[in-house]
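Only the coordinates and a few stated rules stand behind these numbers; no lab work does. None of the values given here were measured: they were computed from a predicted structure. With ideal geometry, Cβ positions are generated from the backbone for all residues, glycine too; neighbour counts draw on all protein chains shown.
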Amino acid sequence: MGHSAGEMQIERIDSVIVFLRGRRVIIDADLARLYGVSTKRLNEQVKRNRCRFPEGFMFTLTADEKAELVAECDRFRNLKHSTVLPCAFTEFGAVMAASVLNSTEAIHTSVFVVRAFVKMCELLSASADIHRKLAELERRLDDHDDVLHGIIEAIGAITRPESRPTRRIGFGTD
């Protein structure tokens with residue numbers, strides 16, 4: 001069974017979402033590529049419309065974050081020698097970027113960007129639920145282990161031969 005064009009678009013966007021500062025974000029170079037513009041054009045439009053990008057919509061990476069990104073993702077190797085720190089866009093910032101770019105491709109793609117973020121949230125939520133259930137199961141097994149250990153000790157005590165004091169045979173001197 002094949003994927004629809006929309007599903008393939010979402011999968012493509014999924015692959016560029018990274019996790020930074022506890023948030024799922026898209027780096028400016030990837031967002032620009034998705035929207036069919038240069039990174040320079042994207043960042044120019046963001047700077048011109050800075051009031052549309054409050055905290056929670058985007059942030060500029062630190063030098064350490066940039067270095068970590070370059071080390072972990074091959075697609076960012078061209079950032080290694082760049083003096084400019086890249087920007088990271090949350091799902092809200094990605095949609096706002098589409099509106100300031102105002103191109104048909106950017107507006108159309110922004111729908112898929114939001115869907116990709118939502119899909120990733122659902123997957124992470126399901127993963128967290130699985131982890132919670134596994135922790136609960138592990139706790140229950142630990143409780144059962146304690147009970148089983150107690151039962152085994154009780155059975156062992158019942159089946160062990162009684163130890164009677166041994167009688168000495170013969171004469172002894174004190």
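For F53, list long-range residues whose amide hydrogen, built 1.01 Å from N in the peptide plane, is under 5 Å from its own amide hydrogen.
Long-range HN contacts for F53: none found.
Taking H as built 1.01 Å from N, whose amide H comes closer than 5 Å to the amide H of I17, not counting residues under 5 places away?
none
If packing is taken as the mean number of other Cβ atoms within 10 Å per residue, what is the order of 75-85, 51-61, 31-41, 89-99, highest first?
Top of the packing list down: 89-99, 31-41, 51-61, 75-85.
With θ taken as phi - 60° and the coefficients 6.51, -1.76 and 1.60, list the Karplus ³J(HN,Hα) couplings across the range 152-157 in order, rounded to whole Hz; mark glycine and proline as x.
Once θ is set to phi - 60°, the couplings for the range 152-157 become 4, 4, 5, 5, x, 5 Hz.
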